[in-house]
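To start, the structure under review is shown below, and the notes come after it.
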Amino acid sequence: MNPLLSKLQPYPFERLRRLFEGVAPSPGFAPISLGIGEPKHATPDFIKDALAAGMDSLAAYPATAGSLPLRTAFTDWLQRRYGLKLDPARQVLPVNGSREALFSLAQTVVDGRRSPAPVVVSPNPFYQIYEGAALLSGAEPYYVPSVPARNFAVDWDSVPEAIWARTQLVFVCSPGNPTGAVMPLDEWKKLFALSDRHGFVIAADECYSEIYFRDEPPLGGLEAAEKLGRSDFRNLIALTSLSKRSNVPGLRSGFVAGDAAIIKSFQLYRTYHGSAMSGTVAAASIAAWGDEAHVVENRAKYRAKFAAVTPLLEPVLDVRLPDASFYLWAGVPEVWAGDDEAFARALYAQYNVTVLPGSYLARETTHGANPGRGRIRMALVAETAECVEAAERIVRFVQSGPQGR
């Protein structure tokens, strides 16, 4: 077996399952899960209709590069959303969801033969695929903490120069999971300068870009590059998907865009990887990327939901409305002494509400601190009434104190 597999850590939801082993939640409360970031809003009918209409394509093998109409749907959306003009033949590729692409991009980019071992830089807390992709590419992960006092901005300045010199890939998640923070233009400028100096690739994970709460949509990585005169998008790849935007997590559809040279190598890797998008999925994807009305409606639902839930939780938890995404990243009360696991376990036992301990989404830094410790992630993906009910239970739970610890 590949010895690198032994370096992989259990996925957060496996750890959560173990945490809840032996716990019988109160039978007086119906279960409500805020633990998994899986969209629960209904998939629009027109997407399902397009999927059904594309069934004839099952009789043919799909091309790794996708069809020109599919790639043009990507570039047309990038034009409308960010004002960008990309070549559909050279600067975009279909992928089977951003998760698959994040992992395989690292296998394409990282040269694990380097000595000393190459480094892949990740925000901390983070989406665990970043870590797994780094480890299985033969690289060492380096975790850069997010700073609560700066709205959970990633502290790029804390990375030693010796680490940057070994870095081959940097994962950026904006809007962030789990914090919802959006990276501003000056931070992009800083990261681009570091990339130019050290030659590393930037992978911009933007799957939450269409769920936001301000009037202005979140800045994208390609958009930032264009604003800074980097219209060739050198050493930059943006990744996005339809899962959150269009409520189709089961479709496994997204695309990557950016540096044409990286796209060319990524396409070669994917040809052997066997990850071409089905023509049936492509038909539904073209329809989804071409429509914004359902996205506006979806965003309005999240805005209403967060407007109802956040004020309920603010008096009892260290929490505020994020910039974007569908998570609340909340600090547990001081009486819990930073024990996010105990908080989550007791909440589940007493009120049958599932939240994810923040420490499961982060790693200890070189100073021995886990930036997720003492926090919980709540995914407000269910309908508003259920999320409000969960918030009301959490309020009662906090007000009752840490009983039965």
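Structure above, values below:
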quantity: When residues of the range 233-253 are limited to those that are more than 20 Å from Val170 (Cα to Cα) and of a type in the set (Gly, Ala, Ser), the one most open to solvent (accessible area, probe 1.4 Å); calculated: Gly250
quantity: Residues of the range 42-57 classified as surrounded by fewer than 18 Cβ atoms within 10 Å (Cβ to Cβ) and out of contact with any Gly (no Cβ under 7 Å at 6 or more places or on another chain), total; calculated: 9
quantity: Identity of the residue in the range 324-338, assigned to a loop (DSSP other than H, G, I, E, B) and without any contact (Cβ under 8 Å) to a residue 40 or more places away in the chain, that ends up most open to solvent (accessible area, probe 1.4 Å); calculated: Ala337
quantity: Close pairs (6 angstrom Cβ cut-off, 6 or more residues apart or separate chains): under 13 Å from Val109 (Cα atoms) in the range 128-139, in a loop (DSSP other than H, G, I, E, B) and at pLDDT 95 or above anywhere; calculated: Ser137/Val110; Ala139/Val110; Ala139/Pro118
quantity: Every residue from the range 188-230 that is open to solvent by 20 Å² or more (accessible area, probe 1.4 Å) and of a type in the set (Gly, Ala, Ser); calculated: Ala193, Gly199, Gly229
quantity: Listing of helices (runs of 4 or more DSSP H) fully contained in the range 166-246 that carry 3 or more residues being closer than 18 Å to Arg81 by Cβ and of a type outside the set (Asp, Glu); calculated: 221-227, 243-246
quantity: Top-ranked residue of the range 112-146 - restricted to ones that are among the hydroxyl-bearing types (Ser, Thr, Tyr), closer than 18 Å to Leu194 by Cβ and touching a Phe, Trp or Tyr at 6+ places or on another chain (Cβ under 9 Å), ranked as most open to solvent (accessible area, probe 1.4 Å); calculated: Tyr143
quantity: Odd one out for Ala349, checked against (1) assigned to a loop (DSSP other than H, G, I, E, B); (2) surrounded by fewer than 19 Cβ atoms within 10 Å (Cβ to Cβ); (3) touching a Ser or Thr at 6+ places or on another chain (Cβ under 9 Å); calculated: (1)
quantity: Residue within the range 59-78 that is part of a helix (DSSP H, G or I), open to solvent by less than 40 Å² (accessible area, probe 1.4 Å) and in contact with a Leu (Cβ under 6 Å, 6 or more places away or on another chain) present; calculated: yes
quantity: Residue match in the range 358-368 (condition: hydrophobic (A, V, I, L, M, F, W, C), open to solvent by 20 Å² or more (accessible area, probe 1.4 Å) and modelled with pLDDT of 95 or more); calculated: no
quantity: Some residue of the range 101-111 being of a type in the set (D, E, K, R), farther than 14 Å from Ser285 by Cα and touching a Cys at 6+ places or on another chain (Cβ under 9 Å); calculated: no
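The values are calculated or read from the model by the stated rules, or taken from the named source; none is laboratory data. None of these values were measured; they are calculated from a predicted model. Note that we place each Cβ from the backbone using ideal geometry, even for glycine, and neighbour counts take in every protein chain shown. Ligands, DNA and RNA are excluded from the accessible area calculation, which covers all protein heavy atoms including side chains. Shrake-Rupley method; radii C 1.70, N 1.55, O 1.52, S 1.80 Å.
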